[in-house]
Every structure is written in C-alpha cells, then in structure tokens.
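**Student:** So that we are looking at the same thing, I have put the structure below in structure tokens.
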Amino acid sequence: MTLRAKLVLALMIVALVPMGVALALPMLQAERQARQEASRRLERARRQAGILIEREKKEVVSRLAQVAAELARDRPDRLPLWQGAAAAGPVALALAERYGLDHLEVRDSRGALLAVSDADPRSDPAVDLPSLEEGEVALRPLPYPSYAADRRVAYFIRRTASLGRGAFTLIGGRIVGRALIEGISAIVEQPAALVDGSDRMVELAGDPSTAAPAITGDIPLGEGGWRVRVFVPAGDARETRRGLVAAFARTAPLAAASALLVGLLLAGGISRSIQALAARAEATAVEAAGEPLSPIQGGDEVGRLALAFDRMLEALSQSERQRGAAERIAAWQEVARRIAHEVKNPLSPIRLAVENLRRSRLKAPLEFERSFEAETATILEEVESLRKLVEEFSLFARLPRPQAVACDLRQVVAQTLAFFAPRVQAAGVTVEVADEGFSEPVMADPEQIGRALRNVVANALDALEDLGPQGERRLTIALRPMVAARGGARARCAEIEVRDTGVGFEPETLRRVFEPYFTTRAGRGGTGLGMAIAYRIVAEHGGRVLADGAPGRGATITLRLPVEGPPAAGPEGARPGTTSPRGVPA
Ligand SMILES: Nc1ncnc2c1ncn2[C@@H]1O[C@H](COP(=O)(O)OP(=O)(O)OP(=O)(O)O)[C@@H](O)[C@H]1O
Ligand SMILES: [Mg+2]
C-alpha cells in the first residue's frame, strides 16, 4: 500500500470512528436507561401483585371468621345433626356464598364431615385439607375433580371453633383464579398470568404480546410451584437506536467523502514531497549529486526535511568538489614527478654516452670505432624508452571516443583469454568462465573493451604470478546482467567480473588503483597506466569499474557497461565525475 493510500485510510478512520463512537454512546445509554426503567416497573408490579395476594389471604381468614360468628349465633346446637342430612349441604353452600367463600367445610371434633358447600358431599373430598395447620392460610389444590378448569387451587384456612357444647373444625377456601389474576393485571396495568408447577399458564389476563418484548417477574403463591407472573414491556430503546443509526447512515458518507477529499489533498502533498525526496536520494545514490534538481515545495516538516537534505547534498558536493580538486592537483603533481623521473633516467646514460664518444674521437680511430657502436646503441636504447613513454602517455591522454557497435561480450572475453593463453599455461593458472545468463549484445567498442579487459586480466595474472608456490592460482571471469541506477533512472547493464586468487590489494593500492602512473610494479616494467586506461574506457562507455579485494583474499575487478552503450556526447564530451576516477586528472 502506498503512503498516500495509507494516509487517506488513516484520515477516514480518524473521521468515521469518533463519529460512530459518538453515536453509539447515546445508543448504549438509551438502552441502559430503558432496561433500568423496565426493571423498576417490574419491581413495582411485583410489589403491587404481592399486596393483592396478601390481601386475598387475609380475606379468607376474615370470611371464615364471619362464618364462624354466624354459626355461633344461629345454630351451634344443630350442627351435630347435619351429618348425613340432605339439607346440610345447601345450608353450607348458602353460608359460603354469603361470605364469599368458594369452599366451606364443617367437621366435628373427631374430623367427621358434617357439611360441605361443594357439589358432592358424600365422597369425602378433604384430600389435603386435614394437613392444614390451624389458623394458617395455605395454597392447596381444590379437592373435587369435577370443578371447572379454572378452579384448580385455592387459599384455605382451618380453624377450630367452640360452638355451643362442642368444638368444630371449619375449613374455608377462596379460589385463586381468573378473578385474582384480573385484579392483579388491572392494578399493575400490565398482563398477568397464573402459572402452575410445570410452568403452564393456566389463567391469563391481558395480552402479553402487547408488552413484547417483555420482561417477566413471578410472585410465588405457596406450595406446588404455583405463581403469578406479571409482564412488563422491556424498555424499548429501538426507536432511539433506529434514529441514531439513520443519522449515522446519513452523515457517514458525507464525513467519509470529506475525509477522503482532505486525505487525498493532504496525502498528495506529503507523498509528493516524500517521493521527490526519495527520487533525489536515488539520484544522489546514482552519482548525480552535481546535477541541478527541481526544488521541493512546501513549508511543512517534509518540506523542511527536503530542504535540509538539499543543503546537505550541496555541502557534500561542495566538499566533494574541493576534495576532488585537491586530489587532482596532487595527482598531477605525482604525474609530473613521475614523468620528470622517467625522462631524467635515460638522460644521464645518453649524456654519458655522448661524452664518451667525444672523448674517444680524440683517441685512436680504431678505439673510436669500437666505442661508437656501444655508445650509440645505448643512446638508441634510451631514446627508444623515452619514445615509448611519450607514446603511452599521449595514448592515455588522447584515447579516441568509443565506436559503439552491437558487441558480443562473450566473444571479447574469449579473445582476451586466447591472447593470454600461453601466459596462463606457463603460470599454471586455472581459468573459469562463468556465464551467468547474459547473452544480448551490448553497444560498445569491442576494440576498446578488449583493451580494458586485457589490462585487467594482465594485472590478475601479475598478481597470480606473484603468489608463492602453494597458493591456488585461479582466474574466474563471470558475465552477468544487472540493473543499475543511472541518472535517476534504471539502466540495464552487463558486468564482466574478473576475480583472481592472487596477492590481493593493500588498502592504499585499492584506494589509488585507478590513478594514472600509480604502480607497485615500477621495477618490473609497470607504468601504472593499465587500470587508469581501463577505467577511462569503461567510463567513456557510460559505465564504471569497481575494485575490491584485500591481501590474501585476491582481487575482484568489475567492468559494468550499460547495454544501451555510451551516452550521447555533450559539448564537453562525457559528463564530469563519471569519466574520471578519483585522483585522475580529467
Ligand atoms: N588483480 C590485482 N591484484 C593485485 N593488485 C593489483 C591488481 N590489479 C591492479 N593491481 C595493483 O594496481 C596497480 C596499478 O595497476 P595498473 O595496471 O594501473 O598498473 P601496473 O599493472 O602496475 O602497470 P601497467 O601499466 O603495466 O599495467 C598495480 O601496480 C598493482 O599494484
Ligand atoms: Mg597493469
């Protein structure tokens, strides 16, 4: 992902996330409030329902007390006669109805049923009723299966009453059913249900779906898992949520679009500066520090960085220029010194020979004849060495411009190796040619490239011959394609790498290897021009020569040539800084 895309994305996130958060927070808050409100309402409903249920229990107690009071008043002595009497049932029923009981039983002190208000007094129905604690209200199933479905459980109360001459047991019950549930529903203003032990709603008042989504609360009625359930609408934050989502949907595209726009503008500026900076850094890496570069705009940090970078480049190239000038002067001095030395050397023998000749002319003609041969031979020899020196120097100074043609470098390598074959054999050197996949022709002057390569291989052989008897003598020439930065662009190149296992470079030699007349082989016929010439030739082709190595590690010289050939000749020929190695007078 490009820097620009990243910046735009970051800006969009920065714009949208807080917006989303700002909308989500009230949404969550509304939901929480709604939930709290719902549980408050439920609590209230439970409390109200609980009060009604308690009231219902008290109701049973007070109504049975009223029945007892009436029995005590009217018929305490007739009660024992009720057992088995057909009229007893209706009397009990009438009493129950008058005092609002759904069930009324009268038993004697031994527990025998005297009268019951319900339908079938002969089958003693009091299944659970004797288990009632005296004076305590308890929820029990209704004893008669014939009761309607809604008459299932009731609150019962048992009390012993001393009536006339005996003590009797009275049992009263009020059904917990529709009436109670409707009462609860009315008072809490929400649907309510009677739920049995297996969680079945057996009575329902109101429609729970009107409260949906609802939260429910159960109020236990007594034993057997019976309870009253109230429904309270779960706080409804849906409206708030919908509104906020709609607001988000409306504003998000706008925010995203403006973030995108601002992002593009900002990121464009930033990434342009950075791209320019990167291009400049690349150009610098490609030795173009001296070239004028278009200014980077902008007063922000990147602009300032670019400016600082420019100043640093300027300072660097200035100091480079100064150093280059100093080195060139030093190199010229060295060249002048060496030429003076080389020219002076033959002068003394010539002068001596001439003096000898003049002296011997005064002597006997035979002797003059003898010394004439010897002295003129010396003079000719020295003049010849002077001529050679001058020739080489002028050759170096007037190297013709390369005549580039499509040139097969493999052939140049082969010819060079053929040229050195006798020397390679004599020195026992193993030669290896590594073709690392370069096959296309390179625009170059085969004559000149051959000459450069010969100078490099000659040095390698010199270095191999200087090795002791044990050293491995190997010369490897590799030919490979590569891409190099050139003038800020990428250029396809070919590399000829000459690697030897010879004595290697001393650091000082490595530093000065391309300097004309720098040689460590002065006593052995070295002029110190071989590498300078190779460098000059390759530079004239728009390429460069690299040297590497250390004592004991051999040496590697790489000739890198652009496939497209030498750059077009400018008014001053090749560009400065590329034709001259450090220290070489350009
Ligand atoms: N492959 C190499 N291994 C070790 N030293 C090298 C190698 N190539 C060059 N040199 C060093 O660099 C110096 C300069 O090399 P250059 O070819 O310019 O001059 P030269 O070989 O001394 O003389 P000539 O002009 O005869 O070639 C050499 O004297 C030698 O010390
Ligand atoms: Mg040489």
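The values are calculated or read from the model by the stated rules, or taken from the named source; none is laboratory data. Keep in mind the model is a prediction, meaning the values are calculated, not measured. Here the Cβ is made from the backbone with ideal geometry for all residues, glycine too, and neighbour counts use every protein chain on show. Side chains are part of the model used for accessible areas, which takes the heavy atoms of the whole protein and leaves out ligands, DNA and RNA. Shrake-Rupley method; radii C 1.70, N 1.55, O 1.52, S 1.80 Å.
**Student:** How far is helix 178-188 tilted, in degrees, relative to the longest principal axis of the Cα atoms in the chain, given as a value from 0 to 90 rounded to the nearest 10?
**Tutor:** Approximately 50 degrees, to the nearest 10.
**Student:** Taking 10 °C and 1.306 mPa s as the conditions, I'd like the Stokes-Einstein D for the stretch 301-392 in µm²/s, using the Kirkwood hydrodynamic radius from alpha carbon pairs.
**Tutor:** Value of D from the Cα-based Kirkwood radius: 89 µm²/s.
**Student:** For K344, which lysines qualify as cross-link partners when the Cα separation must be under 23 Å and same-chain residues fewer than eight apart are set aside?
**Tutor:** The qualifying lysines are K388.
**Student:** How many nm separate the modelled label positions at D310 and A377, each set 7 Å beyond the Cα in the direction of the Cβ?
**Tutor:** Using points 7 Å along Cα→Cβ, the separation is 7.3 nm.
**Student:** Measuring from centroid to centroid over Cα atoms, what is the spacing of the stretch 381-428 and the stretch 90-104 in Å?
**Tutor:** 141
**Student:** Taking 8 Å as the Cα distance limit and 6 or more residues as the minimum spacing, I'd like the relative contact order of the chain as a percentage.
**Tutor:** 10
**Student:** Tell me the label-point distance for the pair D108, E384, using the 7 Å Cα-to-Cβ offset, in nm and rounded to one decimal.
**Tutor:** 17.1
**Student:** Accessible surface of T376 in the full protein assembly, 1.4 angstrom probe, to the nearest 10 Å²?
**Tutor:** 40
**Student:** Separate question: Search the structure for amide H atoms under 5 Å from the amide H of A234, placed 1.01 Å from N in the peptide plane, and list their residues when 5 or more places away or on another chain.
**Tutor:** A214, I215
**Student:** At a Förster distance of 30 Å, what's the computed FRET efficiency of V61 paired with R40, Cβ-Cβ distance as r, to 0.05? Let's see the in-between values first.
**Tutor:** Values: r = 33 Å, r/R0 = 1.08.
Working from the Cβ atoms, E equals 0.40.
**Student:** Hey, another quick one. What GluC sites (Glu not before Pro) in the stretch 358-467 are in a loop by DSSP, with at most 15 other Cβ atoms within 10 Å of the Cβ?
**Tutor:** E436
**Student:** Distance from the Cα centre of the stretch 526-549 to that of the stretch 38-79, in angstrom?
**Tutor:** 120
**Student:** Suppose only helical runs count, i.e. DSSP H with n ≥ 4. What mean residue ellipticity at 222 nm does that imply for the chain under -39500 (n - 2.57) per run, divided by all residues and rounded to the nearest 500 deg cm²/dmol?
**Tutor:** The helix-only estimate for the chain comes to -18000 deg cm²/dmol at 222 nm.
**Student:** Return the lysines within reach of K6: Cα separation strictly under 22 angstrom, same-chain partners fewer than 8 residues apart disregarded; answer none if there are no such residues.
**Tutor:** Correct list for K6: empty, as no lysines qualify.
**Student:** Let me ask something additional. Specify which residue in the list V405, A85, L479 is farthest towards the positive end of the charge dipole of the chain, using unit charges on the beta carbon of Lys, Arg (+1) and Asp, Glu (-1), about the Cα centre.
**Tutor:** It is A85, whose Cα lies furthest towards the positive end.
**Student:** Work out the length of the dipole vector of the chain about its Cα centre, built from +1 on the beta-carbon of each Lys and Arg and -1 on the beta-carbon of each Asp and Glu, and round it to the nearest 20 debye. Let's see the in-between values first.
**Tutor:** Values: 76 positive and 73 negative charges, 202 e Å.
Once rounded to the nearest 20, the dipole reads 980 debye.
**Student:** Here's another thing I want to ask about it. Give a residue-ordered list of calculated ³J(HN,Hα) values for the stretch 371-380 (Karplus: 6.51 cos²θ - 1.76 cosθ + 1.60, θ = phi - 60°; whole Hz; x for Gly, Pro).
**Tutor:** Each residue of the stretch 371-380 in turn: 6, 4, 4, 5, 5, 5, 4, 4, 4, 4 Hz.
**Student:** Can you work out ³J(HN,Hα) from phi for every residue in the stretch 156-167, in order, using Karplus 6.51 cos²θ - 1.76 cosθ + 1.60 and θ = phi - 60°, giving whole Hz and x for Gly and Pro?
**Tutor:** In residue order, the calculated couplings are 10, 9, 10, 9, 9, 10, 8, 10, x, 9, x, 9 Hz.
**Student:** For the chain, with equal point scatterers placed on the C-alpha atoms only and solvent neglected, what are the log10 I(q)/I(0) values from the Debye formula at q = 0.13 1/Å, to two decimals?
**Tutor:** For the chain, the Cα-only Debye profile gives -1.26.
**Student:** At a probe size of 1.4 Å, how large is the accessible area of L386, to the nearest 10 Å²?
**Tutor:** 40
**Student:** Per 0.36 nm of contour for each residue apart, how much would the distance between R480 and R73 grow if the chain were fully extended, relative to their Cα-Cα spacing?
**Tutor:** 133.5 nm
**Student:** Over the stretch 301-392, calculate the relative contact order: mean separation of alpha carbon pairs under 8 Å at least 6 apart, over the residue count, as a percent.
**Tutor:** 28
**Student:** A follow-up question, please. Per-residue HN-Hα couplings for the stretch 467-481, Karplus 6.51 cos²θ - 1.76 cosθ + 1.60 at θ = phi - 60°, whole Hz, x for Gly and Pro?
**Tutor:** Result, ordered by residue: 5, x, x, 7, x, 6, 10, 10, 10, 10, 10, 10, 10, 8, x Hz.
**Student:** Something else: Could you calculate the contour length gain from R423 to L265, that is, 0.36 nm times the residue separation minus the distance between their Cα atoms, to one decimal place in nm? Write out the running numbers ahead of the final one.
**Tutor:** Values: separation 158, 0.36 × 158 = 56.88 nm, distance 6.83 nm.
Extra length from R423 to L265 when fully extended: 50.1 nm.
**Student:** Report the label-to-label distance for I13 and R337 in nanometres (one decimal), using points 7 Å from each Cα along the Cα→Cβ vector.
**Tutor:** For I13 paired with R337, the spin-label model returns 6.4 nm.
**Student:** OK, next. Using amide H atoms built in the peptide plane, which far-off residues or other-chain residues are under 5 Å from L529 H to H?
**Tutor:** Y517
**Student:** Now a separate question. Using only the alpha-carbon atoms, how far is helix 446-465 inclined from the longest principal axis of the chain? Give it as 0 to 90 degrees, nearest 10.
**Tutor:** 90
**Student:** Leaving ligands and nucleic acids out of the surface, order W226, W332 by accessible area at 1.4 Å, largest first.
**Tutor:** Correct descending sequence by accessible area is W332, W226.
**Student:** Can you give the accessible area of H341, probe radius 1.4 Å, in Å² rounded to 10?
**Tutor:** Near enough 90 Å² of accessible area.
**Student:** Let me ask you something else. Which far-off residues, 5 or more places away or on another chain, put their amide H under 5 Å from the one on G502, with H placed in the peptide plane?
**Tutor:** A555
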